[in-house]
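Novice: I'd like to ask you about the structure that follows.
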Amino acid sequence: EIAAARARIMALEASESLVRASLLPSVFLTGNVTYADPNPKAFPQRDGFEFLWDIGLVASIDIGRVPLILAQVAEAKAQAALARDTLSQLSDSLIMELVQASFDIEKALDRYLASTAAVSLAEENLRVQMDRYAAGLALASELADAEASLLSVKLDRFRSRVAWELARATLRDAAGGDAASELGVGSSTSLASDTAASPEASTTAGE
């Protein structure tokens, strides 16, 4: 959409220049050569063959079309201004989408790291409950609760991973190749690249 808006602006600006050029007068260069006896262009008239030439410059403008041309120029300028406003709105929307996607990636990554830590704690708790149950110190319901807790935090970790993948895909789609850099939103994409590292890599780094 941004590329199309930019192309429309260029086309409208070219159209405006073309219409404005109609206000300029038409200029013609004329020339004549006469060789005659007597030469009718000679003054005063003389007997005998004479070679005479002349060059002229003729300028003309259609005064009656000036109001129409001025109206066409104003219309072309208005359309170009509207196209620039549209491009500005698209640019702002893209920047907001990039920032939001970067924020969503960070949030999903934080949630993933927290849920990963919770999985480790739940696994340790299940191990303890299994040992206690084997020793006759824990009830079957306590063991079942530990297993359910582990399943719950694993599910939360899976959901956070899906959210991270979706946010990353949204960022990639919003960046749209060179469009982001042309609009001066490199800082957003840089932030995204920093936060778009694999959650597993971030977990390993944290350890």
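Novice: Just to compare against my own numbers: the Cα pair-distance distribution for segment 2-71, 5 Å bins, whole % per bin, please.
Specialist: The percentages, shortest bin first, are 3, 13, 12, 10, 9, 9, 8, 8, 7, 7, 5, 3, 3, 2, 1, 0.
Novice: How much net charge surrounds Ala122 when only other residues with a Cβ under 13 Å from its Cβ are counted (Lys, Arg +1; Asp, Glu -1)?
Specialist: Around Ala122, the surrounding residues sum to -2.
Novice: Between segment 1-34 and segment 47-126, what's the alpha-carbon centroid distance in Å?
Specialist: 22 Å
Novice: Work out, in µm²/s and without decimals, the Stokes-Einstein translational diffusion coefficient of segment 33-122 at 20 °C, 1.002 mPa s, Rh from Kirkwood over C-alpha pairs.
Specialist: Translational diffusion coefficient: 98 µm²/s.
Read-outs: derived from the displayed coordinates by stated rules, not from any lab. Because the structure is predicted, anything quoted here is derived from the model rather than measured. Please note: Cβ atoms are built from the backbone with ideal geometry, for glycine as well, and neighbour counts cover all protein chains shown.
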